[in-house]
Amino acid sequence: MSAPKKLFIKTYGCQMNVYDSERMAEALGGEGYVETKSPDDADMILLNTCHIREKAAEKVYSELGRFKGLKADKPDLKIGVAGCVAQAEGEEIMRRQPLVDLVVGPQSYHRLPEMEAKARTGEKVLDTDFPEEDKFEKLKNRPKAKRGPTAFLTVQEGCDKFCAFCVVPYTRGAEVSRPADRILREARDLVERGVREITLLGQNVNAYHGAGPNGDMTLAQLIWELDKVDGLERIRFTTSHPNDMQDDLIEAHGACAKLMPYLHLPVQAGSDKILKRMNRAHTAESYIRLIERIRAARPDILISGDFIVGFPEETEEDFQATMDLVEEVKYGTAYSFKYSTRPGTPAAERAQVDPAAADDRLQRLQALLTQQQREVQDSMVGREVGVLFEKAGRLPGQMVGKSDYLHAVHVADCDRNIGDLARVRIVSSGPNSLAGELIG
Ligand code: 5AD
Ligand code: SF4
């Protein structure tokens with residue numbers, strides 16, 4: 001038997017790319033590949049890329065440049081680009097960087113084994129189609145090997161919202177939901193392999209409407225089906241759009257014990273003028289009312305958000321409206337970005353904000369968000385929370401896990417194992433994590 005070929009995958013960007021990389025590694029596993037942690041001994045290198053901001057996309061080319069020496073030493077080495085840069089730039093990637101052998105868009109991963117075989121014959125291969133077939137069904141089943149206690153599971157992909165700044169509707173395509181039975185089968189499979197917590201993924205996950213036994217199902221209905229899976233202890237989902245936050249999902253946050261009290265609900269900006277220009281189809285006020293309804297169902301829920309500052313035509317007054325909204329909502333965690341022009345999106349054509357003003361706004365917003373994050377984290381001290389242990393800590397006898405609210409928690413003198421869920425009292429709050437002690 002010949003030695004297995006080695007595959008090095010580097011993943012950029014969002015959690016869906018993390019999930020896709022796992023699935024690609026499994027698909028190529030069927031072709032005799034095993035994963036390696038270093039590009040140096042790889043027979044194939046795959047970069048799973050992100051196109052959301054210019055910086056993320058440019059990183060890919062500098063990374064590819066670094067593989068020149070490797071390819072010169074090992075002419076059989078195949079180099080592939082997957083993900084959203086592959087989708088957006090296609091053939092241009094091979095023109096700009098001729099050492100690339102293979103370019104595969106996110107909707108064509110099931111064709112990767114055939115593409116790899118073609119690339120082995122010295123052909124350059126490219127596939128950025130949006131085929132009709134379900135790539136996840138065509139991909140080989142996930143192998144049964146044991147794995148860590150948390151996993152991602154894609155339930156929905158693509159977006160029809162067309163926010164004026166965003167490449168996702170172009171790179172990931174139209175909104176598509178996977179049928180519920182396939183998701184449930186995959187979830188049971190993950191649980192058999194040791195998974196205790198599943199994060200359901202979708203660019204617009206709360207718009208989920210996959211086929212169920214009695215017609216299309218909502219995300220809340222899917223969550224209630226997952227709630228019945230024995231051995232699955234925790235359910236999360238991301239990313240949601242405010243306009244798709246239906247009543248049954250809000251109710252589930254109050255009623256479903258396995259659904260964790262954490263919600264990532266991007267608002268992007270607090271000025272109605274800017275929200276309109278962004279094509280967000282909600283106002284600051286409607287977002288705040290929505291948060292109130294969610295908190296009425298689940299008062300302790302931790303709210304997370306995404307923000308863009310320096311969107312075209314944003315004035316200081318518009319920015320102040322974003323700061324006011326943040327003050328009102330009080331975020332437990334948040335991600336904030338300076339607007340980055342993306343070719344092909346509507347906002348790219350508009351008058352841009354002075355970069356120095358945008359930098360200054362980003363700093364002020366991040367200072368406020370960091371302060372809120374700190375306050376919410378500190379408010380956990382003295383409380384009892386669930387913690388799912390994910391790994392051993394650096395100190396002897398210490399274990400590290402995530403709380404229900406997704407805070408990292410360190411527990412000393414901990415006799416529990418990875419994958420155990422325990423009740424923990426939080427005793428102190430450090431810069432990036434909490435410390436707690438087991439109860440009982
Ligand atoms: N510039 C800056 N940030 C962006 N995002 C999406 N597109 C852009 C862009 N062109 C941010 C949004 C989104 C998050 C994933 O990335 O806040 O919610
Ligand atoms: Fe992009 Fe999200 Fe807007 Fe869709 S809803 S266009 S993924 S920011």
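The values are calculated or read from the model by the stated rules, or taken from the named source; none is laboratory data. For clarity, every value in this text was computed on a predicted model and none was experimentally measured. Positions of Cβ are generated from backbone atoms using ideal geometry, with glycine treated the same way; all protein chains shown enter the neighbour counts. These accessible areas exclude ligands, DNA and RNA; they are computed on the full protein's heavy atoms, side chains included. Shrake-Rupley method; radii C 1.70, N 1.55, O 1.52, S 1.80 Å.
Just a few scattered comments:
- Within region 322-340, if we keep just the residues that are more than 15 Å from ligand 2 (Cβ to nearest atom) and part of a loop (DSSP other than H, G, I, E, B), the residue that is most open to solvent (accessible area, probe 1.4 Å) turns out to be K330.
- Restricting attention to region 150-168, the residues that are among the aliphatic types (A, V, I, L, M) and away from ligand 1 (no atom under 12 Å from the Cβ) total 3.
- If you go through region 243-269 and keep only what is open to solvent by less than 10 Å² (accessible area, probe 1.4 Å) and within 16 Å of ligand 1 (Cβ to nearest atom), you end up with L263, L265, P266, V267, A269.
- Any chance E285 is touching a Lys or Arg at 6+ places or on another chain (Cβ under 7 Å), more than 16 Å from ligand 2 (Cβ to nearest atom) and open to solvent by 50 Å² or more (accessible area, probe 1.4 Å): no
- Flag for V376 being at pLDDT 95 or above, among the β-branched types (V, I, T) and part of a loop (DSSP other than H, G, I, E, B): no
- Residues located in region 384-415, provided they are surrounded by 16 or more Cβ atoms within 10 Å (Cβ to Cβ) and of a type in the set (K, R): K402
- Being buried (at least 18 other Cβ atoms within 10 Å of the Cβ), in a loop (DSSP other than H, G, I, E, B), free of Cβ contacts under 8 Å to residues at least 40 places away in the same chain and within 16 Å of ligand 2 (Cβ to nearest atom) is a condition met by at least one residue of region 158-176.
- Options E123, E137, E114; residue that is more than 19 Å from D20 (Cβ to Cβ) and away from ligand 1 (no atom under 16 Å from the Cβ): E123
- Condition check for R53: basic (K, R) and without any contact (Cβ under 8 Å) to a residue 24 or more places away in the chain: no
Residues are listed down the side, and each one gets a yes or a no for (1) in contact with a Gly (Cβ under 9 Å, 6 or more places away or on another chain); (2) within 16 Å of ligand 1 (Cβ to nearest atom); (3) over 17 Å from P242 (Cα atoms); (4) modelled with pLDDT of 95 or more:
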{"residue": "M278", "(1), (2), (3), (4)": "no, yes, no, yes"}
{"residue": "Y287", "(1), (2), (3), (4)": "yes, yes, no, yes"}
{"residue": "L302", "(1), (2), (3), (4)": "yes, no, no, yes"}
{"residue": "E313", "(1), (2), (3), (4)": "no, yes, yes, yes"}
{"residue": "Q320", "(1), (2), (3), (4)": "yes, no, yes, yes"}
{"residue": "E327", "(1), (2), (3), (4)": "no, no, yes, yes"}
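- Residue, most open to solvent (accessible area, probe 1.4 Å), within region 89-130, restricted to residues that are within 18 Å of A57 (Cβ to Cβ) and in a helix (DSSP H, G or I): R95
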